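Read through the structure below, which is laid out as structure tokens, and then see the notes.
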Amino acid sequence: MIKPFLLGIAALFSLPAVAQTAHTAAELRAMAQEQNGSVISIHDPSVVYRGGQYYVWGSHLGVAKSTDLIQWTGLNADASTFRRLANPGDAEGTNCTFADAFNHQQVVRTVNCDGAEADLTLVDAENFCNWYATDKENHINGNMWAPDIIYNEQMKKWCMYLSLNGDHWASVIILLTSNTATGPFTYQGPVVMSGFNGDAAAPSYQLTDLELACGNLTSLPARYKQQGKWGSYWPNCIDPCVFYDEEGQLWMAYGSWSGGIWLLRLNNATGLRDYTYHPASNYATAGASVTADPYFGTRIAGGHYVSGEGSYIQHIGDYYYLFMSYGGYAPDGGYDMRIFRSTQPEGPYTDASGNTATYTEYQLNYGPNANTNRGMHLMGAYNQWGGVQNVGECAQGHNSACTDDKGRSFVVYHTKFNDGSVGHQVRVHQLFVNEKGWLVAAPFCYRGETEQTFTADEVVGDYHMLLHPYKLDHSNYQEQTEQTISLTADGTVKGAYTGTWQLNGDKLTIKLGATMYYGVVCPQHINGATTQNYKTTELAAVAFTAMAQNGVPVWGYKLEPASAVAWNYTQHAVPVKNAQVVNSNISLMYATTDNTTLTWTSSEPDVISSTGRFAPAQDIVPVTLTARLECADHYWEEAFNVKAQKETFPSGDWLTGLVGYFTFDESPVLNQYKPATETDYAKMTIGRLGSGVKPELTSDWEHDYLHTYFGVQGNNSYARVANPLYGRTDVEGFSVSAWLRRN
């Protein structure tokens with residue numbers, strides 16, 4: 001009595017079968033269809049978000065806007081983006097030249113380093129950055145670099161911080177303002193200037209605002225008299241990044257290579273610098289490792305000509321994250337993004353190993369010969385990713401970042417390619433914070449994915465994995481290609497790497513070899529670069545992105561079940577069709593990927609098996625072959641009605657209607673059978689190719705045959721048959737047949 005009772009309980013509490021979802025061939029093709037993505041080509045993109053609208057500005061006045069970070073609209077920007085005001089307080093004037101735009105300063109009063117009101121030095125910014133230029137008329141047009149846009153809450157204005165780059169560090173970062181994010185903008189005044197090194201040929205410090213920060217001067221302080229060694233000590237005033245700290249104070253990071261990245265506090269009311277912020281100089285004790293200066297502010301990264309540019313600071317979660325780009329920005333220059341963090345806007349900024357972002361001596365910090373790799377590596381050069389991509393993306397960098405009103409953060413950067421071009425496109429990836437408090441980038445461009453938490457069962461499966469190590473050989477376009485690993489239900493990792501994995505909410509820890517990576521699991525859609533364009537699909541994936549404490553990131557993805565079925569279906573042609581006559585073996589099976597299985601069933605397995613093996617039938621036999629492509633609870637299934645028919649051969653009467661033939665059983669070898677006249681014949685010629693041997697007559701069974709050679713130790717030979725119907729008018733065409741035997 002006990003046993004039946006237990007069986008009844010088991011039946012009572014048995015789980016219902018999982019519902020299966022069928023997909024048509026049309027649905028699968030639609031999911032996998034590659035479409036051109038929205039592409040903008042803006043160098044050094046700086047993103048700003050406000051009121052549901054994103055704007056990106058970049059070098060050389062590149063500008064675009066978007067409501068979703070997916071579809072972008074490029075905007076035109078030129079000299080008309082700026083307005084000339086002839087005198088302070090005048091109404092906006094007409095469109096002007098770049099020279100006019102940058103020499104009519106609007107702000108003329110400020111507060112100096114002593115807290116007293118003072119005149120703001122009138123700075124002709126266009127003339128300053130043109131100081132060494134030989135083509136002064138056109139120099140500025142190609143040297144408006146990396147603007148940063150921010151909305152100033154107190155001013156109720158859009159503020160553009162634009163670097164005007166000059167030779168020998170004669171550069172200036174200026175402030176322009178507008179009522180809209182796209183202009184027109186008006187020059188307000190200088191923020192910081194460089195290159196006043198005391199040399200007779202250099203611009204004088206009296207053309208700058210130096211005295212407002214350092215007090216009245218009778219001569220240029222000795223620390224700035226560096227002549228040809230300016231870059232060993234001081235910054236090049238380009239690449240601004242302006243941000244609010246968590247207390248609402250405005251700051252500006254700036255600089256590039258040479259003297260490193262510096263930080264200034266700004267005046268919230270004017271958008272210009274706060275001259276009361278003037279750190280005491282430590283030049284006397286630190287020399288070229290100077291980190292504090294009353295004019296340039298605080299050095300937070302770089303120095304000693306160590307590479308590093310395009311700084312960007314964004315507060316996400318508990319930290320201020322400092323993004324920098326190391327290396328050269330050319331496709332073979334080794335450009336890559338590194339991240340440091342701090343709890344304070346002024347630093348110190350460090351990586352997970354405790355290394356500071358500042359240097360006290362020159363060190364090579366990128367590429368295959370680097371002797372240091374400070375900074376957490378956000379991503380590297382890669383190819384063959386997501387099935388769509390076939391052009392390697394490389395030299396990713398000069399990024400910005402933003403956080404939207406839903407708390408989602410994004411990195412916006414330009415990428416270049418390993419196809420021999422110097423083209424570039426903007427990419428947007430969502431950022432996540434791992435359990436160690438470090439940023440990790442989603443493996444694919446953002447496509448509007450919403451927050452989603454996966455269960456461990458949903459995460460289990462085979463993954464395409466991409467590791468991003470340091471020290472790629474950028475000059476030879478070295479790039480990473482994907483490998484395959486499996487995350488198994490028992491928490492182990494198998495495949496190209498072995499290890500363990502664990503999921504806690506959306507947080508993932510994965511051990512590959514001896515290295516532990518910390519990251520998140522997130523939804524994604526497959527997209528990437530191709531030889532034609534940026535491509536995107538509706539193929540959905542479960543993805544992970546993680547970072548090791550040594551700064552190396554790893555990406556992985558597996559297609560969602562419906563997408564996996566679609567991908568496999570579209571990558572292989574269906575080998576049969578309805579009403580097809582089958583008289584030989586068929587290759588029904590292929591190797592599936594992405595956790596998908598393929599099965600075939602046959603209504604007549606003795607005639608055509610489930611793998612496509614054909615057994616000769618005496619007559620025509622109808623056979624239904626049913627294919628099923630399946631991943632988890634999603635599948636495609638289709639039946640194909642074919643006809644199995646034994647192959648028949650012609651009767652022995654092969655002479656009727658024959659015009660001519662060659663036989664090798666008589667002498668001479670090259671005979672032709674012809675029922676017409678004795679003079680109507682065709683010839684066969686034989687010969688050798690290069691140093692090969694001629695064909696030879698060989699006996700086999702009852703007949704002779706012509707033995708030619710091809711690819712056998714260079715003994716290439718041939719046989720050539722002339723057209724036996726040449727000149728005949730009694731036929732409209734002919735067919736040729738031959739028995740071939742491959743040795």
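The values are calculated or read from the model by the stated rules, or taken from the named source; none is laboratory data. Given the structure is predicted, the values throughout are model-derived calculations rather than measurements. Methodologically, a virtual Cβ is constructed for each residue, glycine included, from the backbone with ideal geometry; neighbour enumeration extends over all protein chains shown. The protein model used for the area step is the full one, side chains on, heavy atoms only, and it has no ligands, DNA or RNA in it. Shrake-Rupley method; radii C 1.70, N 1.55, O 1.52, S 1.80 Å.
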Residue within the stretch 337-353 that is crowded, with 20+ Cβ neighbours inside 10 Å, polar (S, T, N, Q) and touching a residue at least 60 places away in the same chain (Cβ under 8 Å) present: no
If you go through the stretch 223-230 one residue at a time, do you hit one that is within 38 Å of the chain's Cα centre (by Cα) and either open to solvent by 20 Å² or more (accessible area, probe 1.4 Å) or in contact (Cβ under 8 Å) with a residue 40 or more places away in the chain (or both)? yes
Here are some residues: Thr180, Thr218, Thr276. Which one is among the hydroxyl-bearing types (Ser, Thr, Tyr) and without any contact (Cβ under 8 Å) to a residue 12 or more places away in the chain? Thr218
So is Gly397 surrounded by 23 or more Cβ atoms within 10 Å (Cβ to Cβ) and over 30 Å from Val290 (Cα atoms) or not? no
Tell me which strands (runs of 3 or more DSSP E) are completely within the stretch 540-655 and hold 2 or more residues being within 30 Å of Asn355 (Cβ to Cβ), or say none if there are none. 553-559
Subset of the stretch 120-138 that is open to solvent by less than 30 Å² (accessible area, probe 1.4 Å) and not aromatic (Phe, Trp, Tyr) - its residue that is nearest to the chain's Cα centre (by Cα): Cys129
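Residue by residue, here is whether (1) charged (D, E, K, R); (2) touching a Lys or Arg at 6+ places or on another chain (Cβ under 9 Å); (3) at pLDDT 95 or above holds:
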site: Tyr55; (1), (2), (3): no, yes, yes
site: Gly58; (1), (2), (3): no, no, yes
site: Asn87; (1), (2), (3): no, no, no
site: Ala133; (1), (2), (3): no, no, no
site: Ile140; (1), (2), (3): no, no, no
Sole miss for Met516 among (1) at negative phi; (2) assigned to a loop (DSSP other than H, G, I, E, B) is condition (2)
So is Asn527 in a loop (DSSP other than H, G, I, E, B) and at pLDDT 95 or above or not? no
Conditions first: (1) over 30 Å from Asp457 (Cβ atoms); (2) among the basic types (Lys, Arg); (3) in contact with an Asp or Glu (Cβ under 6 Å, 6 or more places away or on another chain). Arg628 passes all but one, so which condition is the exception? (1)
Residue count, the stretch 183-236, condition in a helix (DSSP H, G or I) and either among the acidic types (Asp, Glu) or at negative phi (or both), comes to 17
Is one or more of the residues making up the stretch 489-502 touching a residue at least 60 places away in the same chain (Cβ under 8 Å), surrounded by 15 or more Cβ atoms within 10 Å (Cβ to Cβ) and either more than 21 Å from Ala562 (Cα to Cα) or over 19 Å from the mean Cα position of the chain (by Cα) (or both)? no
Within the stretch 48-67, can you find the residues that are crowded, with 21+ Cβ neighbours inside 10 Å and not in a strand (DSSP E or B)? Ser59
Evaluate the stretch 237-247: report whether one residue or more is touching a Ser or Thr at 6+ places or on another chain (Cβ under 7 Å) and open to solvent by 30 Å² or more (accessible area, probe 1.4 Å). no
Can you confirm whether Tyr362 is touching a Phe, Trp or Tyr at 6+ places or on another chain (Cβ under 7 Å), crowded, with 22+ Cβ neighbours inside 10 Å, assigned to a loop (DSSP other than H, G, I, E, B) and among the aromatic types (Phe, Trp, Tyr)? no
Taking first residues from the stretch 292-310 that are farther than 15 Å from Asn373 by Cα and hydroxyl-bearing (Ser, Thr, Tyr) and second residues anywhere that are in a loop (DSSP other than H, G, I, E, B) and open to solvent by 10 Å² or more (accessible area, probe 1.4 Å), the pairs with Cβ under 8 Å that are 6 or more apart or on different chains are Tyr295/His278; Thr298/Pro279; Thr298/Thr291; Thr298/Glu346; Thr298/Gly347; Tyr305/Trp257; Tyr305/Tyr362
Consider only pairs whose beta carbons are under 6 Å apart and that are at least six residues apart or on different chains; among these, list those whose first residue lies in the stretch 355-372 and is closer than 18 Å to Tyr233 by Cβ and whose second residue is of a type in the set (S, T, N, Q) and part of a loop (DSSP other than H, G, I, E, B). Gln363/Asn371; Gln363/Thr372
How many residues does the stretch 549-570 hold that are surrounded by fewer than 23 Cβ atoms within 10 Å (Cβ to Cβ), farther than 17 Å from Ala32 by Cβ and either in contact with a helix residue (DSSP H, G or I) (Cβ under 6 Å, 6 or more places away or on another chain) or not β-branched (Val, Ile, Thr) (or both)? 3
Subset of the stretch 408-423 [open to solvent by 40 Å² or more (accessible area, probe 1.4 Å) and modelled with pLDDT of 95 or more]: Arg408
The stretch 168-201: number of residues that are among the hydrophobic types (A, V, I, L, M, F, W, C) and open to solvent by 10 Å² or more (accessible area, probe 1.4 Å): 3
What residue, among those in the stretch 319-330 that are touching a Lys or Arg at 6+ places or on another chain (Cβ under 9 Å) and in a loop (DSSP other than H, G, I, E, B), is farthest from Ala401 (Cα to Cα)? Ala330
For Gly528, are the conditions met, namely being open to solvent by less than 30 Å² (accessible area, probe 1.4 Å) and over 17 Å from Ala543 (Cα atoms)? no
Just wondering, is there one or more residues in the stretch 439-449 that are on the phi > 0 side of the Ramachandran plot, in contact with a Gly (Cβ under 8 Å, 6 or more places away or on another chain) and open to solvent by less than 40 Å² (accessible area, probe 1.4 Å)? no
Does His468 satisfy the criteria of being touching a residue at least 24 places away in the same chain (Cβ under 8 Å), more than 30 Å from Ala496 (Cα to Cα) and either crowded, with 20+ Cβ neighbours inside 10 Å or touching a Leu at 6+ places or on another chain (Cβ under 7 Å) (or both)? no
So Gly392, is it touching a helix residue (DSSP H, G or I) at 6+ places or on another chain (Cβ under 6 Å) and open to solvent by less than 20 Å² (accessible area, probe 1.4 Å): no
